[in-house]
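Just so it is clear, none of the values below were taken in a lab; they were calculated from the coordinates. Remember, it's a predicted structure, so these values are computed and weren't measured experimentally. Cβ atoms come from the backbone with ideal geometry, glycine included; neighbour counts cover every protein chain shown.
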Amino acid sequence: MGDSDREGSWKNTVDLMNRAVSRRDFIITSGAAGVMTMVPRFARAQSAEPYRIGVLLPTTGSGANYSERPIKILPLIAADINSRGGLLGKHPIELHFRDDQTKPDVGAREARSLILNEKVKTIIGTWSSSVAMAVQEIIHEHKVLMLTATSNSSKIVNENYTPYCFMFGPTSGMQSRATVVAVTRLIKEKGWKKYATLGLDYEWGRDAQRVFVENLKKASPETELMKELWAKLGETDFTSYISAVMALKPNFLFGAIAGKDNETFLQQAKGAGLFKGIAYPGVFLPVTELMQQAKTLPRGIIGINRCPFFANMDKPLMQKYVKLYKDKFGKEEFPDDFACMYADALNALDQGATKAGTVETEAVRKSLTGATIETCQGKLPIRDCNNQLDCPSYLGEVVDVPEYPFPIFNPKTMIVVQGHDVWVPTCDEVRALQKKRS
Amino acid sequence: MPSDLSSFLIQLFSGLSRAMMLFLVASGLSLIFGVMNILNFAHASLWLLGGYVTFSLYQAFSIGFGQHGFLLIPAILLGTVCMFGIGWLIERVLIRRTYAYELPEQLLLTFAMILIIGDLIKLIWGVQNRRIFLPIEPIEAFGGFINPYLFIVIGCGFGIAAALWFFLHRTRYGKIVRAAVHSREMVSALGIRIPAIYAGVYAMGVAIAAFSAGVFLPIMPIGLGLDMDLIVQCFAVVVIGGFGSILGTFVASLIVGILYSFSVLIWPGGALAIIFLILVTVLIIRPWGLFGTEMRF
Amino acid sequence: MPVETKPVALSNETEKNSCIAALHARAGLSGPVIAALGLFSLVVPLLPGEFPTIVGVEILILSLFAGSFNLIYGYMGQMSFGQGAFFGLGAYATALLCRWYQAGSTDIGYMQFFLALLLAIPVSALGALVVGFFLVRLTGIYFSILSMAFGELLFYIVFSWYSFTGGDDGIQGIYPPALLRDPHYYYYFTLAIVAVATFLLWRISRSPFGYTLRMLRDNQRRTAFVGVNIRWAMLLNFVLAGTFAGVAGALWGPFQRSVSPTLLGWMQSGSPVFMTLIGGADFFAGPFVGALIYTVLNAYVTRFTVFWPLTIGTIILIIVLFFPGGILSIIDGRLSRNRGSRDS
């Protein structure tokens, strides 16, 4: 007992030191907004004009938690491309980082500043969908590419579609339909009859809940929705909601909660014993959460995530990302979903430029639309009517495994729902949604 | 019906815990305003800072003495003391200089502190959310499960309320503070140096906030932006109860907490609207709050 | 009725004299400053690159926003923390009508666009009338808090009324007509509107009504004794301020191509407060100078650091602690000292 304690505390010390180191690193890369170039000096001499990319992610407010790993991995991927001389072997990548503060008008202003001052040709980001859609208007007008993954409102690729914007993760609609696929399976298996929903009262939460309820009704009409509960964004005390759900005694609860609120809810629900009698399938658990909540996360709940490294360790690109990341930030560190998706975005740009034979925006855009690209989840096509990557969603039971110091989705029972199975079925329907742009 | 009664009781209990959470954060705010006439916009930010400090202390203790949940208690206490010191320093260095000016300057000062504290947290602790893990197991009560930690939160809420009452009514310093809430001019006319008690009151307000942040850590992960979510609700509670009245803040917390808890059942999504309606009504009919006294403004 | 009282240290006579002197000096300083800003604003689009023009548009809109706030703060002596709500109402009124006109495409006619901008005036005025009706009963800290509470209430309405306002996603794709999409043209368009609005604000501040407001600021009870209907005057002023904020908001949407509920939030309401304070609330030109400094800093500081909140927070801290009258009062102090020495 004593010995293991001491060993534990020593391990903690190391952990803490590692964390301190990586944190300092993060401040160095992001604290000075400016340029994050990693151009080998020899490469610079003979290179053509650098290819400038704006990275627009929040480091202020509640979204900041999910920006850390993308901000850490992007310079590594850029350095990797630059070690080959950059795009097309001659345009070294320059990354310009900005904080969007999770505010749409700040995002729009920073996007303009990046485009006009730093002359970026591509913007990578953002976290909040409302910011992404504000930035979308700006990049469309200036004919600059936008590669997004974290902000995943379906509107970005449907209603507000612009040919300059590419989506590298599943949209909220795709994610909700993927959850329905898994839940329908579970309903049959476990004989569930009734359920309740708890959503965060904002666009993403409403949208995710609506799509889930509508599609579940189609897939399993006899399953009864008992009650819809809505919590406000930034809720700090879910106790009342938890007791309300427990009083209803549903078979399962569908939660459309994300971010820090999700963690608060899980922690309080676990303490209150919600998961003792009620299943909780379909909670959004990106790798970030699996790592951060390693100790507190209730085991056995069924989560969904967008691009987990542990499900794709057989893909060469994923192996590369994990290796790059570990070499730089320590053995215990892994890239999360967002880092992997943004790394894919940057690599896709590289492939697009190679295919087009130029870094001119129009040519790169055309070469990427409809192309099949190499990603960390294998070779995936980009849909030609809305630039949506045909990427899967992953659903699985949270379990501990010996390989990692945090829980992952049970590899034996994990359900992988392909993107083309859950997106808006035909391109005609997609085009009907898209509004005309001048 | 017994099942209805039990769900009623559990809902009431949830409301009580929410009420105590609100009270713990808002009581310091109320005290500071009552005595110093300063609307401390930065209160929730200092609360958050207290949470981070307690978190780091707990981690440091865990390294020194091995992981144990009870280490949270000294961490909270030391964190409270640290934040008392920081509060004292803030009053001495910053707020003291604004007494010569008027309300707006003081508002702006504390507003600026929100921005500064937020970025300082980012500089020191980075952007990741932080949490403390305690192996809390649900217990059975009222025919259902309940989180035992809620009892601790409620206990702390009542404890702080009682301690504040004792302090304000049974100690000399507290009586001066109470007199200052009522009439600053009269107290200073009696030859008591008002500014001397300001630093103590401000520091105490911040310390109570830090204490509550520490208490919540095992059930509420902390992260950037949390202060913004909390401060508006705290204002609502303080205004409804009446500035400077600890009893008022306590009662208002109970009203808001329990109403919120039941409106979750009846009007999901409308809970916040109800609070704002109460707030607006109180401000229009009785701007000094339910238990406050009509004051200098 | 709670009334704000101030310690009266000076005898009435000296107080009056110094007040008059101060008024003259301030009017004297604001005139040239506004004239200089006006002249400078004419040539901003000639600066190299498109970015200064875009920052220029932002400065113009935010100047008007800050100027509207100062009508309540600088002249009436009340601190509104809900001015963002009217800015947002104006922005949403314009955005919603624009979206209705351009359903299915991004084209909009000139008349339609101007109508959409005009709609902001009645909408924000109506909003300010309703809020102001309750607000003018209070003063001091209660005024601040109630204004903030109403601001948050309006924020939540816009935030959660999905079917009408689009919820927290906001509304995207609000484009001005073809010619005005060029930032240079939009700049001069905004400049014209802001210039007219500034002129109106100036007239209001010089009018008998403006002096009534100053009287209200200095002593409400005495003002009432003179026979002024305090609430009526405060309400009128609040509606005027809300309307100017609404006009500023109306210009914002087509400039950013989108609107979102954050425009109504209390952090947004804080920015005109910061600007006014930086420039100097006692001066007509204060909010304009403040908006210029704040926006230029914001636009260029973020190129070098992500710690913008820390930067602006520190600046405000320094101003509050050491230059509580704002930048213009420093200049004013220097000037009057020189003048004083010349006179003697």
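Annotations for the structure displayed:
- Inter-part distance where the stretch A:79-131 and the stretch A:298-338 are each reduced to a Cα centre, Å: 24
- Against the empirical curve 2.2 N^0.38 Å, the C-alpha radius of gyration of the protein assembly as shown lands at a ratio of 0.93.
- Cα-based radius of gyration of the stretch C:148-252 once divided by 2.2 N^0.38 Å, which approximates compact folds: 1.47
- Inter-label distance, C:Phe225 to B:Ala60: 6.0 nm, where each label sits 7 Å from its Cα along the C-beta direction.
- Reported to the nearest whole Å, the Cα centre-to-centre distance from the stretch B:236-297 to the stretch C:144-167 is 18.
- Rounded to 10°, Cα long-axis angle of helix A:316-329 versus longest principal axis of chain A: 90
- Taking the square roots of 5 times each eigenvalue of the Cα gyration tensor of the stretch B:139-216, largest first, gives ellipsoid semi-axes of 37, 13, 8 Å.
- The stretch B:9-68 and the stretch B:155-224: distance between their alpha carbon centers, rounded to Å: 13
- Its convex hull of Cα atoms gives the stretch B:192-297 a direction-averaged projected area, equal to a quarter of the hull surface, of 8.6 nm².
- Label reach from A:Lys190 (point 7 Å along Cα→C-beta): in the stretch A:255-279, amide nitrogens under 18 Å belong to A:255-257, A:266-267, A:269-279.
- For the stretch A:363-369, putting each phi into the Karplus relation 6.51 cos²θ - 1.76 cosθ + 1.60 with θ = phi - 60° gives couplings of 5, 5, 4, 5, 6, 7, 4 Hz, in residue order, rounded to whole numbers and with x for Gly and Pro.
- Fully extending the segment from A:Glu403 to A:Lys326, taken as 0.36 nm per residue of separation minus the present Cα-Cα distance, adds 26.3 nm.
- Computed over neighbours whose Cβ is under 15 Å from that of B:Phe167, the net charge equals +4, Lys and Arg +1, Asp and Glu -1.
- Most mobile listed residue (A:Leu186, A:Leu346, A:Leu266) in chain A, GNM with C-alpha springs under 10 Å: A:Leu186
- Each Lys and Arg contributes +1 and each Asp and Glu -1, all at the Cβ; summed about the Cα centre of the protein assembly as shown, the dipole is approximately 1320 debye.
- Residues of type aspartates and glutamates that A:Lys90 reaches as a straight line, Cα spacing below 13 Å, ignoring anything fewer than 8 places off in the same chain: A:Glu49, A:Asp350
- Pairs from the list A:Lys190/A:Lys227; A:Lys103/A:Lys249; A:Lys217/A:Lys276; A:Lys217/A:Lys412 with a Cα-Cα gap above 30 Å: A:Lys103/A:Lys249.
- Across the stretch B:66-77, coupling constants 3J(HN,Hα) worked out from phi with the 6.51/-1.76/1.60 Karplus curve, θ = phi - 60°, read x, 6, 8, x, 5, 5, 4, 5, x, 4, 5, 5 Hz, and Gly and Pro carry x.
- Exposure proxy order (Cβ contacts within 10 Å, fewest to most) of A:Ser154, C:Ser63: A:Ser154, C:Ser63
- For C:Ser258, the residues whose amide H sits under 5 Å from its own are C:Ile174, ignoring neighbours fewer than 5 places away on the same chain, with H placed 1.01 Å from N.
- Rg over Rh [alpha-carbon atoms, Kirkwood Rh] for the stretch B:2-285: 0.98
- Residue exposure proxy: B:Cys82, A:Cys340, ordered by other Cβ atoms within 10 angstrom of their Cβ from fewest to most, comes out as B:Cys82, A:Cys340.
- Karplus-derived 3J(HN,Hα) values for the stretch C:195-204, using 6.51 cos²θ - 1.76 cosθ + 1.60 with θ = phi - 60°, are 5, 4, 5, 5, 4, 4, 4, 4, 4, 4 Hz; glycine and proline are entered as x.
- The ratio of the alpha-carbon radius of gyration of the stretch C:55-121 to the globular-protein estimate 2.2 N^0.38 Å is 1.36.
- A Förster radius of 22 Å combined with the Cβ-Cβ distance from A:Lys355 to A:Glu159 puts the calculated FRET efficiency at roughly 0.15.
- Reciprocal mean inverse distance between Cα atoms of chain A - Kirkwood radius, Å: 22.4
- A simple spin-label model places pseudo-atoms 7 Å from Cα toward Cβ; at C:Tyr101 and A:Ala363 they are separated by 4.1 nm.
- Within the listed set C:Arg221, C:Arg303, C:Arg257, the residue fluctuating most in the Gaussian network model of chain C (springs between alpha-carbon atoms under 10 angstrom) is C:Arg303.
- Kirkwood radius and radius of gyration were both taken over the C-alpha atoms of chain C, and their ratio Rg/Rh is 0.98.
- Taking other Cβ atoms within 10 Å as a rough exposure proxy, A:Ile257, C:Ile315 sort from fewest to most as C:Ile315, A:Ile257.
- Computed label-point distance, nm, for sites C:Thr314 and B:Leu9 using a 7 Å Cα→Cβ extension: 5.7
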